[in-house]
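Chemist: Got a structure here, written out as structure tokens. Questions coming.
No value in this document is a laboratory result; all are computed from the given coordinates. Nothing here was measured: the structure is a model prediction, and the numbers come from that model. Note that we place each Cβ from the backbone using ideal geometry, even for glycine, and neighbour counts take in every protein chain shown.
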Amino acid sequence: MNPTSHLPFGRLVLGLAFAAALPVQADDSTLTGDWGGLRRELDAQGVRFTGDYSGETAYNAHGGQHRSARYSQNLKLGVQFDLGKLYGFNNGDRIQLTINDRRGNSASEDLVGNRLPIQENYGGLYTRLTELSYERSLFTPALNVKLGYMAMGNDLGGLDSGILCNFMNAGFCGHPLNMSGGSGWANYPNAHLGARVKYDFSPNWQLRVAAFNVDPSSNGNSSRAWHLGPKHTTGTVVPIELIYKHTGALPGEYKLGYYYDSSDVKRIGSDKTVSGRGGHYLLIDQAVWASESSQGRSLHAFGQYSAASQAASPFTKWYGAGMVLYKPFEGRPRDTVALGYGRAVPNPRSRDVQELAAFNAGTTYPDLDTAEQLIELSYGYQATPWLTLRPDVQYIIEPGAFSGGNIDNALVLGLQVKAVF
């Protein structure tokens, strides 16, 4: 153990309390800079502070239900302890603590009435513990284990490249939403007790397996914001992913996944229950072009397919595809242009239930398409190394596909602001 690795408690408090007030020096990659050298010193000794803000404003310009704007925000603060630097451990031992705070209003709920959240950072409007985890290599550097209280989507269900968060709609950014709509898979920042294992077969192939407690009564429940233990366990959700990452001039990432939730839940359109729910998914990010004359300029195509249980999921299938152009202009090396199309398919059993309810009430059920569809175009403008502005346009087709409402197609104009502290 290195005796110089012990950090005075007062320095930790100083780093947390006065980070925002210290002048920017030596590092312009974050809003608060290097904290007068303290941040770099703490990092070298094994304590790394992180923080970011995202604000998303959406205005419903046409269609939907109401003509107005809504704003939502997410504030995330974290600290990571490198136990190798702190105490001389040599297996990549790390402890991660993350806190989230969300505020605002939903454009989907208040203005449009659609299923796919227009603002990906809306939901769970309170301060909560999002992660308290311990991670290390086990037996061999190829085997990595992480356990504790954490959100599933941090490690599973999405593309590691981050390509999908060039969009503002939650249908793209993150994992396919029918995973959480039809199982105990929880959306970030909802966290549960669990364990995740990664094994590298080779530099290109990796297997991920995890198990998480299913506790629906704690999701979005502010009274459970700081409770690590479950309130009411219904089962365990087990995801498995096989990942292939291609390197070279045109890199690519491919994920094939399956998940199973052992919970007993009510079957849609019936009083009976179904024991266990499963689903599968395929995610692809592939570079299809790279400029030979301008380093960093490339075009990536992505694809998503996900299917969930027809017995118990109101949202059975998701299809997504699109392209992201990196470095669209020579003088803008970190900007992006993103265009995506998504199709969310409601469960036919849910529609049967809605049609029967309309018939019993003596009302007419609207003539709806078979899915809610989304077209989204965004431009990521890297204003500074720590600030990204993302003007965004979303066109939502058949917004009432899931609710059974007769809602006109909606045109939504948005702006996402992201800042790294």
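Chemist: What net charge do the residues around Asn178 carry, taking every other residue with its C-beta under 12 Å from that of Asn178, with Lys and Arg at +1 and Asp and Glu at -1?
Modeler: +3
Chemist: Show the residues, 5+ positions off or on another chain, whose built amide H is closer than 5 Å to the amide H of Ser68.
Modeler: For Ser68, the qualifying residues are Asn60.
Chemist: Then there's this: Per residue and in Å³, how big is the convex hull formed by the alpha-carbon atoms of segment 181-340?
Modeler: 142
Chemist: Beyond a 23 Å Cα-Cα separation, which of these cross-linked pairs lie in this structure: Lys231/Lys266; Lys76/Lys255; Lys76/Lys146; Lys146/Lys418; Lys146/Lys317?
Modeler: Check vs 23 Å cut-off fails for Lys76/Lys255; Lys146/Lys418; Lys146/Lys317.
Chemist: How much length is gained on full extension from Leu250 to Thr140, taking 0.36 nm per residue of separation minus their Cα-Cα distance?
Modeler: 36.6 nm
Chemist: So how many Å³ per residue does the convex hull of the Cα atoms of segment 52-135 work out to?
Modeler: Normalising the Cα hull of segment 52-135 by residue number yields 97 Å³.
Chemist: I would also like to ask the following. Under 20 Å from a label point 7 Å along Cα→Cβ of Ser217: give me every residue in segment 156-198 with its amide N that close.
Modeler: Inside the label zone: 183-187, 190-194.
Chemist: Which FRET efficiency, nearest 0.05, do Tyr126 and His66 yield, Cβ-Cβ r, R0 22 Å?
Modeler: The computed FRET efficiency comes out at 0.30.
Chemist: Can you give the helix-only mean residue ellipticity at 222 nm for the chain, where every DSSP H stretch with n ≥ 4 adds -39500 (n - 2.57) and the sum goes over all residues, rounded to the nearest 500 deg cm²/dmol?
Modeler: -2500 deg cm²/dmol
Chemist: Figure the gain on full extension for Tyr341 and Ser202 (residue separation times 0.36 nm, minus the Cα-Cα span) and round it to one decimal in nm.
Modeler: Contour length minus the Cα-Cα distance gives 46.7 nm.
Chemist: Follow-up. Relative to the longest principal axis of the C-alpha atoms of the chain, give the angle of the C-alpha long axis of helix 348-360, reported between 0 and 90° and rounded to the nearest 10°.
Modeler: Between helix and principal axis, roughly 50 degrees.
Chemist: Which of the GluC sites (Glu not before Pro) found in segment 249-350 are loop residues per DSSP with 15 or fewer other Cβ atoms within 10 Å of their Cβ?
Modeler: Filter output for segment 249-350: Glu292, Glu330.
Chemist: Turning to a different aspect of this structure: Search the structure for amide H atoms under 5 Å from the amide H of Asn190, placed 1.01 Å from N in the peptide plane, and list their residues when 5 or more places away or on another chain.
Modeler: Under 5 Å from the amide H of Asn190 lies no amide H from a residue far enough along the sequence or on another chain.
Chemist: Now for a different question. Figure the gain on full extension for Glu292 and Tyr87 (residue separation times 0.36 nm, minus the Cα-Cα span) and round it to one decimal in nm.
Modeler: In short, 69.2 nm is gained.
Chemist: If you don't mind, another one. For Ser403 paired with Ala44, estimate the spin-label separation in nm (one decimal), with each label point 7 Å from Cα along the Cα-to-Cβ line.
Modeler: Using points 7 Å along Cα→Cβ, the separation is 5.7 nm.
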